[in-house]
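A.B. asks: The structure that follows is given in the form of structure tokens.
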Amino acid sequence: MMNQTPDSRSNEQLRTQTHTHESNIEAQSMHHLIQRGQSALTIEKQRSLITYNHITYLLYVVSYFTAGLLWIVPIVMNYAKRHDADGTWLATHFDWQIKTFWYSIVFFLMGAVIVTFALGGFGISMLADSSNIAIGSVLLAGFGLFMMFFTFVWHLYRIIRGWIALTDNRAVL
């Protein structure tokens with residue numbers, strides 16, 4: 001049998017107490033999550049969902065270089081996995097990306113419709129003989145273009161803000 005000094009025994013006891021204390025804290029936090037209706041993810045599942053969200057944020061950024069053609073891929077991915085994160089801080093990222101996608105689509109299309117209407121694309125010739133109508137048409141088209149540009153910037157802001165929050169392992173609000 002090894003000869004243990006009082007110092008080595010107290011170090012071993014301290015390590016055991018620290019490990020027990022950490023286990024108790026983890027169990028308590030899991031208990032609080034379950035009480036509040038939040039599900040607790042395993043570390044492996046949480047890492048998997050974090051990586052998954054990093055990929056979807058990346059795909060949103062890459063979609064800017066494909067004229068938005070890749071937008072459909074991350075939105076489908078978000079809908080496919082969003083229920084795996086229900087009740088956790090990661091659920092906010094799935095919701096954030098889904099809302100960002102739909103609001104961006106709606107506002108961008110509204111801007112495009114305004115521009116099309118202003119320039120006579122619906123068979124309504126706004127650029128008629130009167131110079132007042134032509135000025136109004138150009139102003140309306142400018143408003144539509146501004147709306148489209150603002151949506152573009154807003155979408156990029158939301159992707160960056162969400163990605164930063166994910167990198168910091170916190171919910172995005």
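A.B. asks: State whether one or more residues within the stretch 75-89 are in the same structural domain as Trp154 (by TED's automatic domain parsing), part of a helix (DSSP H, G or I), of a type in the set (Gly, Ala, Ser) and modelled with pLDDT of 55 or more.
C.D. replies: yes
A.B. asks: Leu173 passes all but one of (1) closer than 30 Å to Gln46 by Cβ; (2) buried (at least 16 other Cβ atoms within 10 Å of the Cβ); (3) at pLDDT below 95; which number fails?
C.D. replies: (2)
A.B. asks: Give me the pairs, please: first residue somewhere in the stretch 59-72 and assigned by TED's automatic domain parsing to the domain that holds Ile160, second residue anywhere and exposed (fewer than 15 other Cβ atoms within 10 Å of the Cβ) and assigned to a helix (DSSP H, G or I), beta-carbon distance under 6 Å, and either six or more positions apart or on two chains.
C.D. replies: Partner pairs satisfying both residue conditions: Leu70/Val62.
A.B. asks: Criterion first (of a type outside the set (D, E, K, R), more than 19 Å from the chain's Cα centre (by Cα) and at pLDDT below 95) does Met110 satisfy it?
C.D. replies: In short, no.
A.B. asks: State which residue is nearest to Ala165 (Cα to Cα) when the search covers only the stretch 53-81 and only residues that are of a type in the set (Phe, Trp, Tyr) and crowded, with 16+ Cβ neighbours inside 10 Å.
C.D. replies: Tyr57
A.B. asks: Just to be sure I understand, how many residues within the stretch 84-114 are β-branched (Val, Ile, Thr) and either touching a Phe, Trp or Tyr at 6+ places or on another chain (Cβ under 6 Å) or within 30 Å of Val138 (Cβ to Cβ) (or both)?
C.D. replies: Result for the stretch 84-114: 4.
A.B. asks: Checking Met126 against (1) at pLDDT below 95; (2) aliphatic (A, V, I, L, M); (3) surrounded by 17 or more Cβ atoms within 10 Å (Cβ to Cβ); (4) outside any loop (DSSP other than H, G, I, E, B), only one condition comes out false. Which one?
C.D. replies: (4)
The values are calculated or read from the model by the stated rules, or taken from the named source; none is laboratory data. Treat the numbers as computed from the prediction; the structure is a model and nothing was measured. Cβ sites come from the backbone with ideal geometry, for glycine too, and all protein chains shown count toward neighbours.
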